[in-house]
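Input: a single structure, listed below in structure tokens.
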Amino acid sequence: AAALFAAGCAGARSPAHPAGEGGAEKKLKVVTSFYPLYDFASKIGGDRADVTNLVPAGVDSHDWSPRLQDVRRISEADLFVYLGAGYEGWVDEFLDALDPGGAPKTVEASRGADLIRLSGGDAHRHDGGGGPGHGHGPGNGHDPDRGESGNTGGRGDGHGRDAGRDFPVTDPHVWLSPKQALVLADNIRRAFVEADPDHREIYERNHGLLAGRLAELDAKARQMADNAAKKTFIVSHASFGYLARDYGLTQIGVMGLSPDAEPTAGWLREVREEAGRLGIRYLLFEELVSPRVAETLAESLGIETLVLNPLEGLTEEQLEAGEDYFSVMERNLTTLAVALE
Ligand SMILES: [Zn+2]
């Protein structure tokens, strides 16, 4: 078995990873900031890595920030994977405080992804003056010229803590487009190889499998969108802007980019009118939002609800049931197909 193992490691002799007790090699310690990165890192690391996720199961990562013990956990890791794109409001300060010469290696997974920057017109909505319908309301959201942005409606109020920040605001929900998820996975692959070059082959191979599955999901998303009778969907929390943009759909977000941003009465009326005009029958709402809020919202819009999962945190039950990025995204695509019938 020892010989097999050595062969599997391509003859890697690794002073950085000395044999621990029982002859097992020390695993790469990886900490991720939230679920999709945890899933990708786990799949790339395989049994070479010990991956832990900062945000506990069932918690929406929007409102999460690290406590002292989390900071210690990150500092003791070999590799820290975070999304960037303004998602983790706490991360810049955290990175500034890290010892530049020491551990952990860090990787911003969204680097190089095709990010959606909300224009001044979108972003203006967040300062309370214009209301969320200003500029890119649903009235013009379906217009082919503008619909390309795939991200109409909703309030450009960023992610909670970003509310007072200067424009432009980046839409952070980049992992929800399989096309962009390929970029995230590739950045994570590269970081693994840099942090632990001795096991490069393993990480490359595992990444190959992951990327293959993401490419399949990308094809499915395209097929779903191409076959859809309607091209516009209404979501409570505007987290599907990348999926919309990358596959030729238009998202109307009722609550905006931050799940707790309250819609104004005027905006609700606009969304309702648009739903009626386009014959939209469903409000898509996210799992971690209370169903009561969604029902109330759907009622005020005069439509029914369906559930999407923006993957910002799986529940304990979902994790135990073996759910992952792929099972959830497959379900999201199926649900979207229904909403777009
Ligand atoms: Zn979100």
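The values are calculated or read from the model by the stated rules, or taken from the named source; none is laboratory data. Keep in mind it's a predicted model, so treat the numbers as computed, not measured. Cβ coordinates were reconstructed from backbone atoms using ideal geometry, including for glycine residues, and neighbour counts include every protein chain displayed. The protein model used for the area step is the full one, side chains on, heavy atoms only, and it has no ligands, DNA or RNA in it. Shrake-Rupley method; radii C 1.70, N 1.55, O 1.52, S 1.80 Å.
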Exercise for the section: Taking only the stretch 225-239 into account, find how many residues are closer than 20 Å to His62 by Cα, part of a loop (DSSP other than H, G, I, E, B) and more than 10 Å from the ligand (Cβ to nearest atom). Expected result: 1
Problem - Selection from the stretch 240-258 of residues that are assigned to a loop (DSSP other than H, G, I, E, B) and either free of Cβ contacts under 8 Å to residues at least 12 places away in the same chain or out of contact with any strand residue (DSSP E or B) (no Cβ under 7 Å at 6 or more places or on another chain) (or both) - result: Tyr247, Gly248, Met255, Gly256, Ser258
Practice task
Please give the number of the condition Glu304 fails out of (1) within 15 Å of the ligand (Cβ to nearest atom); (2) touching a helix residue (DSSP H, G or I) at 6+ places or on another chain (Cβ under 7 Å).
Solution key: (1)
Practice task
Might you check whether a residue that is within 16 Å of the ligand (Cβ to nearest atom), more than 30 Å from Ala49 (Cα to Cα) and either open to solvent by less than 10 Å² (accessible area, probe 1.4 Å) or part of a helix (DSSP H, G or I) (or both) occurs anywhere in the stretch 270-284?
Solution key: yes
Practice task
Just one of (1) at pLDDT below 50; (2) surrounded by 21 or more Cβ atoms within 10 Å (Cβ to Cβ); (3) of a type outside the set (Val, Ile, Thr); (4) out of contact with any Phe, Trp or Tyr (no Cβ under 8 Å at 6 or more places or on another chain) trips up Gly139, so point out which.
Solution key: (2)
Exercise for the section: Would you check if Tyr38 is at pLDDT 95 or above and not basic (Lys, Arg)? Expected result: yes
Exercise for the section: Go through (1) without any contact (Cβ under 8 Å) to a residue 60 or more places away in the chain; (2) surrounded by 19 or more Cβ atoms within 10 Å (Cβ to Cβ) one by one and return the number of the condition His237 breaks. Expected result: (1)
Exercise for the section: State whether the residues of the stretch 82-91 include one that is away from the ligand (no atom under 16 Å from the Cβ) and modelled with pLDDT of 90 or more. Expected result: no
Exercise for the section: Evaluate the following for Asp324: is it at pLDDT 95 or above and either under 29 Å from Thr32 (Cβ atoms) or touching a strand residue (DSSP E or B) at 6+ places or on another chain (Cβ under 6 Å) (or both)? Expected result: yes
Completion exercise
By residue number, the members of the stretch 62-72 that are at pLDDT 90 or above and crowded, with 17+ Cβ neighbours inside 10 Å are Pro66, Asp70
Completion exercise
From the option list Val307, Val338, single residue qualifying as more than 24 Å from Ser61 (Cβ to Cβ), open to solvent by 30 Å² or more (accessible area, probe 1.4 Å) and more than 13 Å from the chain's Cα centre (by Cα) is Val338
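For (1) outside any loop (DSSP other than H, G, I, E, B); (2) assigned by TED's automatic domain parsing to the domain that holds Pro310; (3) more than 16 Å from the ligand (Cβ to nearest atom), each residue gets a yes or a no:
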{"site": "Val30", "(1), (2), (3)": "yes, no, yes"}
{"site": "Leu37", "(1), (2), (3)": "yes, no, no"}
{"site": "Phe40", "(1), (2), (3)": "yes, no, yes"}
{"site": "Gly58", "(1), (2), (3)": "no, no, no"}
{"site": "Arg73", "(1), (2), (3)": "yes, no, yes"}
{"site": "Phe94", "(1), (2), (3)": "yes, no, yes"}
{"site": "Gly101", "(1), (2), (3)": "no, no, yes"}
Practice task
Restricting attention to the stretch 289-301, report how many residues are within 16 Å of the ligand (Cβ to nearest atom) and assigned to a helix (DSSP H, G or I).
Solution key: 2
Problem - Residue in the stretch 268-276 that is over 24 Å from Asp63 (Cα atoms), out of contact with any strand residue (DSSP E or B) (no Cβ under 9 Å at 6 or more places or on another chain) and at pLDDT 95 or above present - result: no
Handout entry: Whichever residue in the stretch 235-254 is in contact with a Leu (Cβ under 8 Å, 6 or more places away or on another chain) and at pLDDT below 95 and, among such residues, is farthest from Val293 (Cα to Cα)
Key = Ser239
Practice task
Find all pairs meeting these conditions: Cβ atoms under 8 angstrom apart; at least six residues apart or on different chains; first residue within the stretch 105-125 and modelled with pLDDT under 85; second residue in a strand (DSSP E or B).
Solution key: Leu118/Asn151; Leu118/Val169; Leu118/Thr170; Leu118/Asp171; Asp122/Asn151; Asp122/Val169; Ala123/Val169
Problem - Single residue of the stretch 285-304 satisfying the filter (under 21 Å from the mean Cα position of the chain (by Cα) and either open to solvent by 50 Å² or more (accessible area, probe 1.4 Å) or hydroxyl-bearing (Ser, Thr, Tyr) (or both)) that is farthest from Ala228 (Cα to Cα) - result: Ser290
